[in-house]
Amino acid sequence: MHLEPFKHSEPLTMGVELELQLIGLSDYDLSEASPDLLALLSRESFPGVVTPEVAESMIEIATGVHERYDPLLAELRQMQGLLLRAGDWLNIGLCGGGAHPFQMWSERRIFRKPRFKEVSALYGYLTKQFIIFGQHVHIGCPSADEALFLLHSLSRYVPHFIALSASSPFVQGADTLFHSARLNSVFAFPLSGRAPFTLSWERFESDFFAKMALTGVVKSMKDFYWDIRPKPEYGTIELRVCDTPLTVEDAAALACYFQAICRMLLHREDPEPAEDDYLVYNYNRFQACRFGIDASIVDPKNYVQQSLRDSIESTLRRLAPHAAALGSEGALERVRRILVLGSGSQHLRTVFAKEGGLQAMVHEALKQFRSPN
């Protein structure tokens with residue numbers, strides 16, 4: 001079995017996927033409403049794509065291909081408006097957040113789709129524990145080898161995206177003490193984590209993918225749950241570590257922050273990626289999940305510990321000319337706003353401390369998705 005050819009795409013084009021929670025407004029628990037919602041939306045013209053996800057209590061929306069921040073944000077807002085109107089018709093709420101704070105995985109229903117049934121049969125209860133909600137960002141790459149170069153160069157920036165998007169502090173009714181507990185569920189899958197280090201697509205296909213395919217463990221790139229993975233059918237790399245932010249404004253900003261970093265890397269403004277970059281990868285990933293923006297990480301090139309907040313601020317300064325070239329200065333301002341006001345997890349914990357109830361966090365997530373502050 002061979003990988004399909006790496007499709008040509010325009011460099012630095014981007015697309016966003018958001019997994020959204022469907023909420024019953026009587027109890028603020030997850031609601032198995034996706035069949036009804038998808039049927040209603042199928043009658044309308046939807047600007048992007050809306051599809052079922054593994055459970056009936058969630059959906060995924062995907063934008064078209066964009067080059068700049070303003071059109072991406074405009075499309076996400078248009079999708080948001082259509083989703084909210086459909087939800088209001090069905091008396092269903094929609095919101096972001098990386099995990100519902102008190103839903104019980106055992107009560108969820110798997111969506112009736114062959115792939116989801118196969119996944120459920122293979123992974124058992126892990127499939128229902130995978131009812132978590134993430135943002136994925138695709139970036140167009142000039143070639144397959146450049147895709148691998150970007151993928152491995154981005155490894156040192158993965159903690160940025162975990163911390164900035166973090167919005168899953170509670171799971172199964174308990175405060176996890178993590179800012180992003182969502183990624184702990186992803187890590188339970190055997191084909192999660194990081195891609196093997198190679199900068200050659202030919203070697204990636206022959207030395208890794210072909211051998212994995214021979215084992216029968218994988219059939220396509222969809223079987224890998226890596227933090228960043230190549231998508232040859234799109235000609236992109238796909239960032240998968242982000243929790244779904246509470247607002248589409250933050251989702252668009254994070255996508256364009258990712259795009260600007262990719263432009264900087266393609267201009268070879270960072271040291272070349274190396275296998276040793278992954279020596280501290282899991283440590284830095286854990287720090288970002290556990291402590292969010294206030295984490296301490298290790299620079300993989302000089303082994304010096306630094307504040308994650310300082311790393312993000314330094315990166316924002318370096319990205320200024322790239323953001324100007326891409327028209328995404330507004331996106332970077334929104335990222336700075338997250339640094340000042342705090343992540344979604346920090347906001348939800350503040351609401352819980354003030355209101356003293358799990359339902360209050362869901363109410364706030366619904367409010368943020370409808371009309372952010």
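Using only the alpha carbons of the chain, what is the convex hull's orientation-averaged projected area in square nanometres? Write down the numbers at each step before the final one.
Values: hull surface 68.3 nm².
Mean orientational projected area (the chain, Cα hull): 17.1 nm².
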### Nonlocal amide H pairs with Tyr225, under 5 Å, H built at 1.01 Å
Leu191, Ser192
## Note on the structure
Along segment 286-300, Karplus-curve 3J(HN,Hα) (6.51, -1.76, 1.60; θ = phi - 60°) to the nearest Hz, with x for Gly and Pro, reads 4, 4, 5, 5, 6, 10, x, 4, 8, 5, 10, 10, 10, 5, x
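Let me know the charge dipole size of segment 188-259 about its Cα centre in debye, to the nearest 20, where only the beta-carbon of Lys, Arg (+1) and Asp, Glu (-1) is charged. Can you show the working numbers first?
Numbers: 8 positive and 10 negative charges, 61 e Å.
Using Cβ point charges on Lys, Arg, Asp and Glu, segment 188-259 gives about 300 debye.
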## Note on the structure
Averaged per residue, the 1.4 Å probe accessible area of the chain, protein heavy atoms only, in Å², is roughly 41 Å²
### Task
With θ set to phi - 60°, apply the Karplus curve 6.51 cos²θ - 1.76 cosθ + 1.60 along segment 18-35 and write out the HN-Hα couplings as whole Hz, x wherever there is a Gly or Pro.
10, 8, 10, 7, 9, 10, x, 7, 7, 10, 6, 7, 4, 10, 7, 10, 5, x
### Task
Please work out the Cα center distance from segment 2-23 to segment 307-373, rounded to the nearest Å.
23 Å
### Task
Heavy atoms only, probe 1.4 Å: what % of the accessible area of the chain goes to carbon and sulfur, would you let me know?
53 percent
#### Entry: Volume in Å³ per residue [convex hull over Cα atoms, computed for segment 328-373]
72 Å³
### Query
So what is the diffusion coefficient of segment 181-271 in µm² per second by Stokes-Einstein at 10 °C and 1.306 mPa s, using a Kirkwood Rh over Cα pairs?
105 µm²/s
### Euclidean distance of C-alpha centroids, segment 57-90 and segment 175-229, integer Å
28 Å
## Note on the structure
Note on segment 160-229: C-alpha Rg/Rh, Kirkwood Rh, two decimals, gives 1.11
### Query
With charges only on Cβ, +1 for K and R and -1 for D and E, what is the dipole size of the chain about its Cα centre, in debye, rounded to 20?
380 debye
### Task
Enumerate the amide H contacts of Ser31 below 5 Å, restricted to partners 5 or more residues apart or on another chain; note that Pro and chain-start residues carry no placed amide H.
Leu22, Ile23, Gly24
### Message
Rounded to two decimals, what is the ratio between the C-alpha radius of gyration of segment 233-373 and 2.2 N^0.38 Å?
### Response
1.16
### Charge dipole (debye, nearest 20) of segment 147-247; +1 at Cβ of Lys and Arg, -1 at Cβ of Asp and Glu
80 debye
#### Entry: Backbone HN-Hα couplings from phi across segment 86-103 [Karplus 6.51/-1.76/1.60, Hz, Gly and Pro as x]
5, x, 4, 4, 8, 6, 10, x, 10, 7, x, x, x, 7, 6, x, 9, 4
## Note on the structure
Rg (one decimal) and Dmax (whole number) from the Cα set of segment 20-79, in Å, equal 13.2, 41
### Query
How much accessible area does Thr176 have with a 1.4 Å probe, in Å² rounded to the nearest 10?
40 Å²
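The values are calculated or read from the model by the stated rules, or taken from the named source; none is laboratory data. Here the structure is a predicted model, which is why all the values come from computation and not from measurement. Every residue, glycine as well, gets a Cβ built from its backbone with ideal geometry; the counts of neighbours run over all protein chains shown. Ligands, DNA and RNA are stripped out before the accessible areas are found, and what is left, the full protein with its side chains, is counted by its heavy atoms. Shrake-Rupley method; radii C 1.70, N 1.55, O 1.52, S 1.80 Å.
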